[in-house]
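Each reported figure results from applying straightforward, stated rules to the coordinates on display, with no laboratory input. Since we're looking at a predicted model, the values are computed, not measured. Because the Cβ atoms are built from the backbone with ideal geometry, glycine has one as well, and the counts that use them run over all protein chains shown.
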């Protein structure tokens, strides 16, 4: 039997196949210890190429649902994807963006004006106008949310929220494509705090429980602050990993 998948402009084909397989595992079609169909069977079921099927299997392998063994096949090892997500960084480009394996699900958006508390957090002038986009960040549609993201952009950049790729593409990249705004420099601030009560329900945790907050500020020409992203992660759902290497002094 061939399973037809409605192709969405927001989601690549291998992700759609991975979502279908996640659903099968979650609903018990494949229990822990069961084998998934071999690649050729999955190719026939989804009318997809071998490379596309392999990418889908790679994704659910990384999510901890299956293990793949050469000459043996894919074995289901978990029904639910683990909640913990690790963001490994080895370059400035990776620092500026979250992994492509996560996406933002927009909850609401609208205009805000910075009061004293918000101005202190964003490090902007009091009374500055922003367009706020609030979202949950997820690794897939079944896993618990990895965090809550508040993205503040200048009002003239509000149209980014209507882009088809909004949930998958970093907002600063969308702003660059639509408006030509480039990043001259950026700053990252990380701090621990108690989970704010207004976010606790959305993230399925208790108010006041441990949380990690990351604030990214993006500056353009003339030191203009044009975007601030504030993401709050519940304890145990996000790890930030950075690789650094000592630079050798040049020989004289």
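Site pair residue 222 and residue 23 shows an inter-label distance of 5.1 nm when each label is modelled 7 Å from Cα along Cα→Cβ. Using a cutoff of 8 angstrom between alpha carbon atoms and counting only pairs six or more residues apart, the relative contact order for segment 85-242 works out to 24 percent.
Taking only C-alpha pairs under 8 Å that are 6+ residues apart, what is the relative contact order of segment 13-76 in percent?
Computed over segment 13-76, the figure is 43 percent.
Place a point 7 Å from the Cα of residue 61 along the Cα-to-Cβ direction; which residues of segment 15-33 have their backbone N under 15 Å from it? Counting only backbone N, you get 18.
From most to least packed by mean Cβ count within 10 Å, the peptides 109-119, 222-232, 12-22, 174-184 give 12-22, 222-232, 174-184, 109-119. A crude spin-label estimate for the pair residue 40 and residue 68, with each label 7 Å from Cα along the Cβ direction, gives 1.8 nm.
Maximal additional length on extending the residue 201-residue 78 stretch stands at 41.7 nm, based on 0.36 nm per residue less the C-alpha distance. From the largest down, segment 85-242 spans 40, 34, 29 angstrom on the principal axes of its Cα atoms.
A straight chain from residue 187 to residue 164 at 0.36 nm per residue would run longer than the Cα-Cα distance by 5.5 nm. Considering only the Cα atoms of segment 13-76, their convex hull presents on average a projected area of 3.8 nm².
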